[in-house]
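Visitor: Please find one structure pasted underneath; my questions will follow.
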Amino acid sequence: MLFQPVFDKIERPILIAGPCSAETEAQVMETAHGLKAQGIDLFRAGIWKPRTKPGGFEGVGTVGLGWLRKVKQEVGIPVTTEVATTQHVFEALKYGVDVLWIGARTTVNPFSVQEVADALSGVDIPVLIKNPVNADLKLWMGAIERIQKAGITRIAAVHRGFSVPGETNFRNSPLWQLPIELKRQMPDLQIVCDHSHICGRRDTLARIAQQALDLGYDGLMTEVHPTPDEAWSDAEQQITPLVYGEMVRNLTARKLTTSNADFLKSLDFLRQQIDELDERLLQLLGSRMRLADQIGEYKKSNNISIYQPSRWNEILEQAVAKGATLGLSGEFIEAVLKAVHEESIAHQSKVMNNVTA
Ligand code: PEP
Ligand code: MN
């Protein structure tokens, strides 16, 4: 599937910034002037806010579109806002919003995405599509396809993290493997990191922004407010234009590649070694599964259950301890071993139940 770029390729990352919500005309204009001085590419502000609970600030509505138009005309920065319904799309288009974005709570619902797609039919405007709230890559890709089918060619993805159970350091866990897989499946899709909604706090914003750039992201979306502590929504994660400017200047942009022959040669050499190790890992996993098949046969003839909790705990504990001496995190070892164990159980189960395929 082919996508036209939403953003022209430049040396530095594409910078999208602005308040979580447009609150007042003065707040919008002050933020926009502050950000103009920092050199951003696109000004963001939520006009209709999807809130988890009723009673929160649900956005100023259409009046705010007039303020965005003023930003565009007086400050000279293109603007973007979130749309979730037909009416949002029509209003935003009427006010000359340059780029639309679909929020995480909309991407999650194919009915809503289809409604937005239908409203966009025959319109030529770039659309940014945030990942759905839950860690479902197909749903994200499905939303992208729905918008593309409406005839929109300039589409980019926005990675804003995923809601996962339990406490983590993130408001929305980045689960980097999902956007990486998205990029693998849709290589010409530009991707932006909304680190504000991933972090949910100020002190980790720079680190996550840098991580996104290290992974080759095309740009960043950041929530910026002139007086962050007083923001009407997402106060904890917003920063002032000055703090934003400083953060951006301290980021290191990464190039996708280089023509430096020495560098390419060394990289090639390292990659060859990685490929060889991967090959060995696969061979070892195959051998391990063949052993699992044998154990399955053996358990079957002795009528023993597949799952042996004490054995599994022992394997896990030993591996986590060993992993630590090799510089491998406990989470990583657990994730790998769980996947291996699951496959092992599937093999044994097949053998014990005489499934041939
Ligand atoms: C936002 O960008 O302010 C917003 C509501 O984000 P998300 O859809 O990622 O929650
Ligand atoms: Mn927000």
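The values are calculated or read from the model by the stated rules, or taken from the named source; none is laboratory data. Bear in mind that the values here come from a model prediction, so they are computed numbers and not experimental data. Heads up, the Cβs are rebuilt from the backbone with ideal geometry, glycines too, and the neighbour counts pull from every protein chain shown. What goes into the accessible areas is simple: the full protein's heavy atoms, side chains included, and nothing from ligands, DNA or RNA. Shrake-Rupley method; radii C 1.70, N 1.55, O 1.52, S 1.80 Å.
Visitor: Please calculate the 1.4 Å probe accessible area of residue 62, with all protein chains present, and give it to the nearest 10 Å².
Guide: Counting only protein heavy atoms, residue 62 exposes about 40 Å² to solvent.
Visitor: Further, regarding this structure: With +1 on each Lys and Arg Cβ and -1 on each Asp and Glu Cβ, how big is the dipole of the chain about its Cα centre, in debye rounded to the nearest 20?
Guide: In debye, rounded to 20, the chain gives about 460.
Visitor: Also: Given Cα pairs under 8 Å that are at least 6 residues apart, what percent is the relative contact order of the chain? Write out the running numbers ahead of the final one.
Guide: Values: 575 pairs, mean separation 51.4, N = 357.
Once divided by the residue count of the chain, the mean separation gives 14 percent.
Visitor: Quick one: pull the percent of accessible area on region 1-158 belonging to carbon and sulfur, 1.4 Å probe, ligands and nucleic acids left out.
Guide: On the way: 3420 of 6540 Å².
Roughly 52 percent, rounded to a whole number.
Visitor: Can you give the net charge of the other residues whose Cβ lies under 12 Å from the Cβ of residue 102, counting K and R as +1 and D and E as -1? Please report the intermediate quantities before stating the final value.
Guide: Values: positive: 105, 130, 146, 160; negative: 82, 115.
Once all neighbours under 12 Å are counted, the net charge is +2.
Visitor: Still on this structure, I have one more. Which residue fluctuates most in the GNM of the chain (Cα springs below 10 Å): 73, 27, 318?
Guide: 318
Visitor: Roughly how many Å² of residue 285 are accessible to a 1.4 Å probe, to the nearest 10?
Guide: 70 Å²
Visitor: Which of these, 289, 29, 186, has the largest mean-square fluctuation under a Gaussian network model of the chain (Cα springs below 10 Å)?
Guide: 289
Visitor: What share of all Cα pairs of the chain, in percent, falls into each consecutive 20 Å distance bin?
Guide: Percent of Cα pairs in each bin: 25, 48, 23, 4, 0.
Visitor: Taking a ≥ b ≥ c as the square roots of the Cα gyration tensor eigenvalues, with a/c under 1.5 meaning rounded and otherwise prolate when a/b beats b/c, else oblate, which class fits region 261-352? Walk me through the intermediate numbers first.
Guide: On the way: a/c = 4.10, a/b = 1.90, b/c = 2.16.
Because a/c hits 1.5 or more and a/b fails to exceed b/c, region 261-352 counts as oblate.
Visitor: Another question about this same structure. How large is the Kirkwood hydrodynamic radius of region 84-127, counting all unique pairs of alpha carbons, in Å? List each step's numbers first, then the result.
Guide: Numbers: mean 1/r = 0.0953 Å⁻¹.
Computed over region 84-127, the radius equals 10.5 Å.
Visitor: Starting from the residue with the highest accessible area, list 254, 44, 146, 249 in decreasing order, probe 1.4 Å.
Guide: Numbers: 254 125, 44 0, 146 90, 249 160 Å².
Highest to lowest solvent-accessible surface, that is 249, 254, 146, 44.
Visitor: In addition: May I ask for the angle, rounded to the nearest 10°, between helix 309-325 and the longest principal axis of the chain, with both axes built from Cα atoms and the value confined to 0 to 90°?
Guide: 60 degrees
Visitor: Angle check, please: helix 205-214 long axis (alpha carbons) against the longest principal axis of the chain (alpha carbons), in degrees 0 to 90, nearest 10.
Guide: That works out to roughly 70 degrees.
Visitor: Let me ask something else. Please calculate how many Å² of accessible area region 261-352 carries per residue, with a 1.4 Å probe and no DNA, RNA or ligand atoms counted. Write out the running numbers ahead of the final one.
Guide: Numbers: 7140 Å² over 92 residues.
It amounts to 78 Å² per residue over region 261-352.
Visitor: Once a ≥ b ≥ c are taken as the square roots of the eigenvalues of the Cα gyration tensor of region 1-94, is the result rounded (a/c under 1.5), prolate (a/b larger than b/c) or oblate (a/b not larger than b/c)? It would help to have the intermediate numbers written out before the result.
Guide: Values: a/c = 1.78, a/b = 1.26, b/c = 1.41.
Here region 1-94 falls in the oblate category.
Visitor: When the chain is treated as a GNM, springs tying every alpha-carbon pair under 10 Å, which of 287, 310, 344 comes out with the largest mean-square fluctuation?
Guide: Result: 310 has the largest fluctuation of those listed.
Visitor: Let me ask you something else. Enter the accessible area of residue 214 (Å², nearest 10), with the probe set to 1.4 Å and all protein chains included.
Guide: Roughly 80 Å² of residue 214 is accessible to a 1.4 Å probe.
Visitor: To continue, here is another question. Under 1.5 on a/c is rounded, so check that first for region 83-220, then, if it is not, pick prolate when a/b is larger than b/c and oblate when it is not; a ≥ b ≥ c are the square roots of the alpha carbon gyration tensor eigenvalues.
Guide: Working: a/c = 1.74, a/b = 1.69, b/c = 1.03.
Since a/c reaches 1.5 and a/b is larger than b/c, the shape of region 83-220 is classed as prolate.
Visitor: Next question, about the same structure. Taking a 1.4 Å probe, which of 347, 88, 33 shows the most accessible area, and what order do the others take after it? Walk me through the intermediate numbers first.
Guide: Details: 347 55, 88 25, 33 100 Å².
Sorted descending by solvent-accessible area, the residues read 33, 347, 88.
Visitor: What's the angle, to the nearest 10 degrees (0 to 90), between helix 110-120's Cα axis and the longest principal axis of the chain?
Guide: Approximately 40 degrees, to the nearest ten.
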